[in-house]
Amino acid sequence: MAELSDGARRALAVLEDRLDERTAAYLNACVRCGLCADSCHVFLATGDPETIPAKKAERVARLYRRYHTLLGRIAPRFAGAEEVSDEALGALATAAFGRCTVCGRCALHCSVGLDPAAILRFARLVAQAAGKVPKGIQANIDLARSTGNNMGITREDVIETVSWLEEDLRDTTGDASIQLPIDRAGARVYYVLNPRELKFFPLSISAAGMIFHAAGESWTLSSTDFDLTNYGMFAADEVAAREFTGRIVRRAEELGVEELVVAECGHGFRSLRWEAPEWLGRRLPFRVTSFVELMARYLAEGRLPLDPSRNSARVTLHDPCNLVRHGGVIEEQRTVLRAAALDFVEMTPNRLDNYCCGGGGGLLAASEHAAARLEAGRPKADQIRATGAKVVAAPCHNCIDQLGEVNRHYKLGVEVRTIAEIVADALRTGGPG
Amino acid sequence: MTSPTLSSLVLAVALLASAVAFAVIRLRLGRPLPAPFAEPRGSAAAGERWALTAAFLPWNKESARHHAPSYAAGLLLHAAVAAMLARLLWSLTGRALPRPVELALAVVLATGLACGLALFAKRALDPALRGLSVPEDYAANLLVGTALAAGLAACLDPRALPAFQWIGAVLALYAPLGKLRHMVFLVTSRRFWGRFFGRRGVKPAPHLPGEARHG
């Protein structure tokens, strides 16, 4: 056996010690039938056999067989087993980070009934141990560690931006009672954001403010722990992931809120709603909800007076993987859009079967895979074009960024918006439309 | 009742050894999953039930719809393997099956054998599938095919029964070692899968009449 590098040694330790029984069962159940191929948007876009989900999963399955099966130990070539090496880990990292968005569509269509995305998440864990996380993802983790959010936004900048937005909102709506509260202890709802909203998409914060105001909600933002993103989850870096969600959970407890509401962000919702309790090893003393769910609840309670004629252009809906396939929020966004837009049409396929935008799983931050990411957006572009829609609603800022690029690259001529923005335009009280 | 033959004894020991090996592999599979803390949105039990029943239906799997011949061949092959294993276990009783049952079994095994060979050919000829395959994929397919053929012969002529039992013993001993592990881990895997997606309220998904969801 060749001398192992430090990274390879760490990867080997993960292979030997960190594998859970569910992922191991999946690794033992795959029969490499290849029927998962056209469930994957990357394969559909490229036709490259290396992007078949089972083939990507094989990158880590080969290592698993070498160290966890008798046949793999005594007849590795016959069993398709491979020793850990820098070369094998490099190929694994490319497959897990660059050719897979861990969207989980293949999991719902595997003929055997296993979850290749779970295997690829384990592959990311192995790659992460070997120090092979894409630089952009790692940079976001490092920045979030050192500054508290992945864009390095200071507390002063947050307060200044939100104050400006509040003033602008009052001017636009003519309603001087609208507030964008910050650090208000005792509020019922703590609303967390994607830092991109503060930097590039402030109108989505204004939209949320209008909706909270219309619903008569008691809510607050935080000037410090506002970042819902979790690049630790993308990198399978559980220590970082725990640290990031831990900050928000602690802040929610300090503020004494009843409900943590996650702005429109698929992975942010998943990490706080589903993963945080597991990372932190305890139940959370408050409810965790997507803003999409909250808007649907307001509608059901008659707290959102909407006029859909204010959104007359045809709207279609993109289903973010982490909100829908891994989050279980499937119908609420549809209920809201039907109430807020005159002409809402579904993509085909939709809901659990919808295709990933191509930028999920942190791929948007991995500049070394930018070309592959844009190519992988083609099935989504085809879906959008087929609807004839002028507006694409996407309840995820990560998806919005990718869809914006897909829109330009494939010349779709659509506008990509959050659901809150569409709802805010339809509000009968104070909406700008 | 006749005294057990050497091939019966070997088969019985091999089946027992296989069961023990599978139990050990299952026990040492990986870190046990802790009980989840996140509040469920759906039902883990409902997801598990769905995974072990309705999820097999072709209209619930895009892969099955898009690859109907391969999926059907897979189902027929596995039905034949189950029938072959049942026949193998029955052989340990030393009692003959009624002739019509033997003939019906022969039809099932022959169909499964044909499907297995077709899937072998597909694996060998389809470039993408060939690239995905490892040598053991072909060996496992051939071993199962040989067992099906031996079972078929035993159904048609009782003199082939000892050979069927010897081959069955080899199959039982080999199964825990390689790809054939999936005969056990398919169920384990589906249970984990069902619990995960069931708990999150993803599967079984709410059915909405009149809305097309599939491509």
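What would the Debye equation give as log₁₀ I(q)/I(0) for segment A:323-366 at q = 0.17, 0.18, 0.29, 0.34 Å⁻¹, counting only Cα atoms as equal point scatterers?
Debye output, listed in q order: -0.61, -0.66, -1.08, -1.16.
Remind me, relative contact order of chain A in percent, using alpha carbon pairs under 8 angstrom and six or more residues apart?
Here the relative contact order equals 16 percent.
Take A:GLU83, project a point 7 Å from its Cα along the Cβ direction, then tell me which residues of segment A:7-27 have their backbone nitrogen under 18 Å from it.
A:7-16, by backbone N distance to the label point.
Can you give me the angle between helix A:202-215 and the longest principal axis of chain A, using Cα atoms only, in degrees from 0 to 90, rounded to the nearest 10?
Helix A:202-215 sits at roughly 60 degrees to that axis.
Given segment B:58-144 reduced to its alpha-carbon atoms as identical point scatterers, what log10 I(q)/I(0) does the Debye formula return at q = 0.17 Å⁻¹?
Log10 I(q)/I(0), no solvent term: -0.80.
Classify segment A:239-392 as rounded, prolate or oblate, taking a ≥ b ≥ c as the square roots of the eigenvalues of its Cα gyration tensor: rounded when a/c is under 1.5, otherwise prolate if a/b is larger than b/c and oblate if not.
oblate
Once the Cα gyration tensor of segment A:6-132 is diagonalised, what are the square roots of 5 times its eigenvalues, in whole Å and ordered largest first, as equivalent ellipsoid semi-axes?
So the three semi-axes of segment A:6-132 are 22, 16, 13 Å.
Once the convex hull of the C-alpha atoms of segment B:10-155 is built, how many Å³ does it hold per residue, rounded to a whole number?
Values: hull volume 27.3 nm³, N = 146.
Given the Cα convex hull of segment B:10-155, per-residue volume reads 187 Å³.
Tabulate in residue order the Karplus-calculated ³J(HN,Hα) for segment A:320-336, using 6.51 cos²θ - 1.76 cosθ + 1.60 with θ = phi - 60°, rounded to whole Hz; enter x for Gly and Pro.
Each residue's phi maps through the Karplus curve to give x, 4, 6, 7, 9, 5, 10, x, x, 8, 10, 9, 4, 5, 6, 4, 5 Hz.
With r defined as the distance between the Cβ atoms of B:LEU173 and A:ALA386 and R0 fixed at 56 Å, what FRET efficiency is calculated, to the nearest 0.05?
Details: r = 53 Å, r/R0 = 0.95.
Efficiency, rounded to the nearest 0.05: 0.55.
Using alpha-carbon pairs under 8 Å, 6+ residues apart, how would you state the relative contact order of segment A:149-299 in percent?
25 percent
Each label point is 7 Å from the Cα along the Cα-to-Cβ direction; what then is the distance between the points at A:GLU254 and A:GLU368, in nm?
A separation of 3.7 nm, rounded to one decimal place.
What is the distance in Å between the Cα centres of segment B:130-202 and segment A:199-225?
Spelled out, the Cα-based centre of one part sits 57 Å from the other.
If you take the charge dipole of chain B about its Cα centre, with +1 on Lys and Arg Cβ and -1 on Asp and Glu Cβ, which of B:LEU132, B:TRP50, B:LEU88 is farthest toward its positive end?
Farthest towards the positive end: B:TRP50.
If you take the beta carbon distance between A:LEU70 and A:ASP20 as r and set R0 to 22 Å, what does 1/(1 + (r/R0)^6) give as a FRET efficiency, to the nearest 0.05?
0.55
Per-residue ellipticity at 222 nm for chain B, helices alone: DSSP H runs ≥ 4 residues times -39500 (n - 2.57), over residue total, nearest 500 deg cm²/dmol?
Computed ellipticity for chain B at 222 nm equals -23000 deg cm²/dmol.
Relative contact order of segment A:267-384: what whole-number percent is it, with Cα pairs under 8 angstrom and at least 6 residues apart?
24 percent
Kindly flag which residue pairs out of A:LYS380/A:LYS411; A:LYS56/A:LYS132; A:LYS56/B:LYS179; A:LYS56/A:LYS380; A:LYS55/B:LYS203 have an alpha-carbon separation exceeding 19 Å in this structure.
Pairs exceeding 19 Å: A:LYS56/A:LYS380; A:LYS55/B:LYS203.
Place a point 7 Å from Cα of B:VAL20 in the direction of its Cβ. Which residues in segment B:163-205 have their backbone N less than 19 Å from it?
The answer is B:169-178.
What helices does chain B hold that run 18 Å or longer along their axis, going by alpha-carbon atoms, with a Kyte-Doolittle average of -0.5 or more, using DSSP H for the helix calls?
Values: long enough: B:6-27 (32 Å, 2.31); B:68-91 (34 Å, 1.24); B:99-125 (38 Å, 1.39); B:135-156 (32 Å, 1.06); B:161-174 (19 Å, 1.47); B:182-199 (25 Å, 0.05).
TM-like helix candidates: B:6-27, B:68-91, B:99-125, B:135-156, B:161-174, B:182-199.
With +1 on the Cβ of every Lys and Arg and -1 on the Cβ of every Asp and Glu, and nothing else charged, how large is the dipole of segment B:85-215 about its Cα centre, in debye rounded to the nearest 20?
With Lys and Arg at +1 and Asp and Glu at -1, about 580 debye.
Which of B:HIS78, A:HIS409 comes first, and how do the rest follow, when ranked by fewest Cβ neighbours within 10 Å? Intermediate results must be reported in sequence, preceding the final value.
Details: B:HIS78 17, A:HIS409 13.
Arranged by neighbour count, lowest to highest, B:HIS78, A:HIS409 become A:HIS409, B:HIS78.
Please give the helix A:135-147 orientation as an angle from the longest Cα principal axis of chain A, in degrees from 0 to 90, rounded to the nearest 10.
Relative to chain A, helix A:135-147 is tipped by roughly 50 degrees.
According to a simple spin-label model (label point 7 Å from Cα along Cα-to-Cβ), what is the distance in nm between B:ALA163 and B:GLU39?
6.5 nm
Let me have the 222 nm mean residue ellipticity of chain A computed from DSSP H runs of 4+ only, each contributing -39500 (n - 2.57), with the sum over all residues rounded to the nearest 500.
Calculated mean residue ellipticity at 222 nm is -14500 deg cm²/dmol.
Output needed for the protein assembly as shown: three equivalent-ellipsoid semi-axes, defined as square roots of 5 times the C-alpha gyration tensor eigenvalues, in descending order, whole Å. Please list the in-between numbers first.
Details: eigenvalues 518, 132, 93 Å².
Here the semi-axes work out to 51, 26, 22 Å.
So how strong a dipole does segment A:305-426 carry about its Cα centre when Lys and Arg Cβ are +1 and Asp and Glu Cβ are -1, to the nearest 20 debye?
With Lys and Arg at +1 and Asp and Glu at -1, about 240 debye.
What share of all Cα pairs of segment B:86-215, in percent, falls into each consecutive 5 Å distance bin?
2, 9, 14, 15, 14, 12, 12, 10, 7, 4, 2, 0
No lab work stands behind these numbers, since they all come straight from the coordinates. Since the model is a prediction, treat every value here as computed from it, not as a measurement. Ideal geometry is used to build each Cβ from the backbone, glycine not excepted, and the neighbour counts take in all protein chains shown.
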